[in-house]
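Structure, as structure tokens:
Taken together, the values in this text are just the output of simple stated rules run on the coordinates, not laboratory data. The structure displayed is predicted, hence computed values, not measured ones. For neighbour counting, all protein chains shown are included, and Cβ atoms are generated from backbone atoms with ideal geometry for every residue, glycine included.
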Amino acid sequence: MEYIVETNQLTKQFGKEKAVDGVEIRIPKGEIYGFLGPNGAGKTTTIRMLLGLMRPSSGSVHLFGKDLKNNRIAILKRVGSLVENPSYYPHLTAYENLEAIRKIVDVPRARMKEVLKLVRLQDAANKKVKGFSLGMKQRLGIAAALLHQPELLILDEPTNGLDPSGIIEMRKLIKQLPEKYGITVVISSHLLSEVDQMATTVGVISKGKMIFQDSIEAMRRIAQASIHLRVNDPKAVHQALLVYGQKADIKENSVAIQTTADEEVASIVQYLVEQGFAIYRVEEEKRSLENIFLEMTKEEQIR
Amino acid sequence: MLSIMRSEWYKLRKSWVIWLLFIPPLIGLFLGQISMGDIGEANQWIIKLVMANATYALLFLPLITGVVAGFICRYEHQEGGWKQLLALPVTRGKVYLTKYILVLFLVLTMQLLYLGSMLILGAIQGITDPFPWEIVWRSILGGWVATSPLVALQLWMSMIFKNFAAPFSINVIFTLPSLLVINSERFGPYYPWGQPFLMMNIGGEGDNFFFIPWEQLLMVVGGSFIVFFFGGYLYFQRKAV
Ligand SMILES: Nc1ncnc2c1ncn2[C@@H]1O[C@H](COP(=O)(O)OP(=O)(O)OP(=O)(O)O)[C@@H](O)[C@H]1O
Ligand SMILES: [Mg+2]
């Protein structure tokens with residue numbers, strides 16, 4: 001399979017600490033890749049290496065199937081990026097900031113108006129960026145990243161500093177990029193909820209290690225709901241359920257079963273009652289994706 | 001390369017840094033105005049220029065050069081400019097070279113402004129002697145050549161330090177001693193920060209095209225240029241942003 005982004009054993013060491021440790025990213029074309037991890041997990045460090053801003057201690061980066069080390073210019077022509085806080089020249093206006101970039105990437109002038117409109121900054125185009133709010137700077141950063149019509153867009157926490165309506169707008173904007181323009185998007189965040197409505201693939205990094213990488217559906221499957229039965233004697237119920245042929249886990253004072261099909265739950269309850277157990281509560285527990293994400297990164301932290 | 005130059009020039013010309021270039025020539029004009037050296041028979045221009053060149057080349061030329069080099073990096077340091085610039089399809093080598101050439105160009109501009117200020121000075125004071133063009137050109141160009149290694153070092157330092165004061169202080173620390181060092185027969189010729197003065201000192205040795213021996217030009221100016229330029233170049237290649 002041809003990947004737009006592919007890293008092999010990508011590692012970055014600061015002193016003794018491995019900020020990124022053997023990370024293998026695989027992103028097919030047209031995906032929106034949610035790159036998730038708590039603060040300090042190594043997202044920004046990874047992204048810096050993807051863009052050649054920082055040299056890996058070991059491992060390699062391939063973008064568009066080409067080694068970044070030997071094809072930097074050719075690759076970067078096709079990549080737009082926004083790393084950490086938005087970058088800008090404070091003494092220039094929004095328009096002038098784009099012009100400084102345009103002179104290097106060489107696109108028609110009209111493209112500047114286009115991207116400013118795309119991020120709804122056309123009214124502030126001639127104001128000095130110094131006086132922009134964080135959200136406006138963030139938008140300008142995205143406009144700059146889109147200026148040369150990249151095929152791969154790498155955004156590091158782009159919703160940082162945006163208000164709720166700004167976040168929704170951004171989501172809408174990003175969501176249409178793959179369909180409309182065939183752009184592949186990498187978007188990092190420390191909140192799953194920020195990307196779960198647009199991401200098609202998710203990578204979770206914690207303490208520098210990639211601990212999960214799959215489609216968002218696969219992640220949802222893990223997050224499937226379960227039924228908790230509060231009973232008088234959880235141990236005995238657990239035994240009985242195993243005899244019945246139903247997998248179950250003992251929790252503190254309840255027994256959890258993975259199935260949520262109405263029929264099955266009904267017959268299991270009936271069976272337990274027939275066996276003489278007292279059932280106090282039948283509760284459905286929905287684990288949110290966010291919970292799964294938290295659990296994933298927590299487990300990693302304990303180790 | 002040309003496109004990077006256009007972008008750099010655009011960023012620069014939208015800032016007020018360019019106005020700094022007028023300061024040293026204006027100071028030269030002022031100092032020339034108040035200095036009342038009168039050696040009698042010699043060409044009046046030469047007397048004025050010897051006086052004005054000394055302060056200009058010893059102090060203001062290297063100092064303002066450092067400020068300009070600092071500024072050309074400052075707007076990159078300020079709000080993540082480096083990472084935006086270096087994630088564009090540019091090589092670091094070209095970015096470095098462009099910034100270096102741009103500062104050199106500004107220094108040359110400043111030299112020419114200084115020349116202009118001297119002509120104005122003469123007009124104000126009503127000097128009627130013929131203007132010694134040949135000598136003056138040699139000193140203007142010589143001062144420029146002698147500043148080129150200093151520009152490289154200042155650019156290097158400005159790329160390392162995010163804060164503006166650090167490279168400026170380093171510049172001052174090396175510039176001030178040249179006031180003393182140039183008086184030393186033994187060390188003067190070897191001190192890079194003294195070279196702009198020596199190469200603009202029109203009263204100096206007159207046999208060469210420039211006002212210092214060719215060996216000194218090659219060894220001291222050329223040598224320090226190579227060390228400073230490639231030091232900065234290699235540093236920038238590896239800099240993590
Ligand atoms: N230049 C550096 N020198 C030393 N350590 C660094 C450097 N940059 C990052 N680190 C360390 O590497 C680790 C990963 O940092 P990184 O910025 O990649 O995290 P992140 O996932 O982007 O976090 P956040 O969500 O806070 O942005 C952190 O422990 C950080 O302290
Ligand atoms: Mg980060």
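The long axis of helix A:164-181 is offset from the longest Cα principal axis of chain A by roughly 80 degrees. The mean number of Cβ atoms from other chains found within 10 Å of a Cβ in peptide A:53-61 is 2, as a whole number. For the peptides A:249-261, B:152-164, A:57-69, the ranking by packing is B:152-164, A:57-69, A:249-261, with the highest mean count of neighbouring Cβ atoms within 10 Å listed first. The angle separating the long axis of helix B:223-238 from the principal Cα axis of greatest extent in chain B is about 20 degrees.
Among B:174, B:229, A:35, the ranking by other beta carbons within 10 Å of each residue's beta carbon, starting with the fewest, stands as B:174, B:229, A:35. For peptide B:75-82, the mean count of partner chain Cβ atoms within 10 Å of a residue's Cβ comes to 5. For the segment A:139-145, counting C-beta atoms of other chains within 10 Å of every residue's C-beta and taking the mean gives 1. What the phi angles of region B:179-195 give under the Karplus curve with 6.51, -1.76 and 1.60, with θ = phi - 60°, is a coupling list of 4, 8, 4, 5, 7, 8, 5, 7, 9, x, x, 9, 8, x, 6, x, 5 Hz, glycine and proline written as x. For residue A:4, the amide hydrogen comes within under 5 Å of the amide hydrogens of A:27, A:29, counting only partners 5 or more places away or on other chains and with H modelled in the peptide plane.
Rounded, prolate or oblate for region A:225-286? Axes are the square roots of the Cα gyration tensor eigenvalues, ordered a ≥ b ≥ c, and the cut-off for rounded is a/c under 1.5. In terms of gyration-tensor shape, rounded. Between residue A:84 and residue A:113, the simple spin-label model (points 7 angstrom out along Cα→Cβ) gives 3.7 nm.
For chain B, which span is the longest to avoid every loop-located (per DSSP) member of GluC sites (Glu not before Pro) having at most 13 other Cβ atoms inside 10 Å?
With GluC sites (Glu not before Pro) excluded where exposed in loops, chain B gives B:42-184 as its longest stretch.
If I fit a long axis through the Cα atoms of helix A:289-302 and take the longest principal axis of the Cα atoms of chain A, what angle between them do I get, 0 to 90°, rounded to 10? The answer is roughly 90 degrees.
Would you calculate, for chain B, the mean residue ellipticity at 222 nm contributed by helices, counting each DSSP H stretch of 4 or more residues as -39,500 (n - 2.57) and dividing by all residues, to the nearest 500?
Working: 11 runs with 159 residues, N = 241.
Result for chain B, helices only: -21500 deg cm²/dmol.
When shorter helices are ignored and each DSSP H run of at least 4 residues is given -39500 (n - 2.57), the per-residue value for chain A at 222 nm works out to -11000 deg cm²/dmol.
Exposure proxy shown here: for A:153, A:289, the number of other Cβ atoms within 10 Å sets the order, fewest to most, as A:289, A:153. Indicate the gyration tensor shape class of region A:102-147 (rounded, prolate or oblate), computed on the Cα atoms with a ≥ b ≥ c the square roots of the eigenvalues: a/c under 1.5 is rounded; otherwise a/b larger than b/c is prolate and the rest oblate. Prolate is the answer for region A:102-147, as a/c is 1.5 or above and a/b outweighs b/c. Of the cross-linked pairs A:251/A:286; A:43/A:175; A:16/A:298; A:128/B:14; A:128/B:11; A:103/A:130, those separated by over 18 Å at the C-alpha level are A:43/A:175; A:16/A:298; A:103/A:130.
Couplings 3J(HN,Hα) of region B:113-130, computed from phi: 4, 5, 4, x, 5, 5, 5, 4, 4, x, 5, 4, 7, x, 6, 10, 4, x Hz, in residue order, whole Hz [Karplus 6.51 cos²θ - 1.76 cosθ + 1.60, θ = phi - 60°; x for Gly and Pro]. In terms of its C-alpha gyration tensor, region B:2-238 comes out prolate, because a/c is 1.5 or above and the ratio a/b outweighs b/c.
Here the peptides A:266-273, B:96-103 are ranked by packing, the mean other Cβ count within 10 Å, and the order with the highest first is B:96-103, A:266-273.
Taking 19 Å as the cut-off, the amide N atoms of region B:84-119 that come nearer than this to a point 7 Å along the Cα-to-beta-carbon line of residue B:237 belong to B:86-87, B:90-101.
Go ahead and run the numbers for FRET between residue A:224 and residue B:91, Cβ-Cβ distance against an R0 of 56 Å, rounding to 0.05.
On the way: r = 50 Å, r/R0 = 0.90.
Computed FRET efficiency for residue A:224 and residue B:91: 0.65.
Peptides A:87-96, A:220-229, B:64-73 ranked from most to least packed by the mean count of surrounding Cβ atoms within 10 Å: B:64-73, A:87-96, A:220-229.
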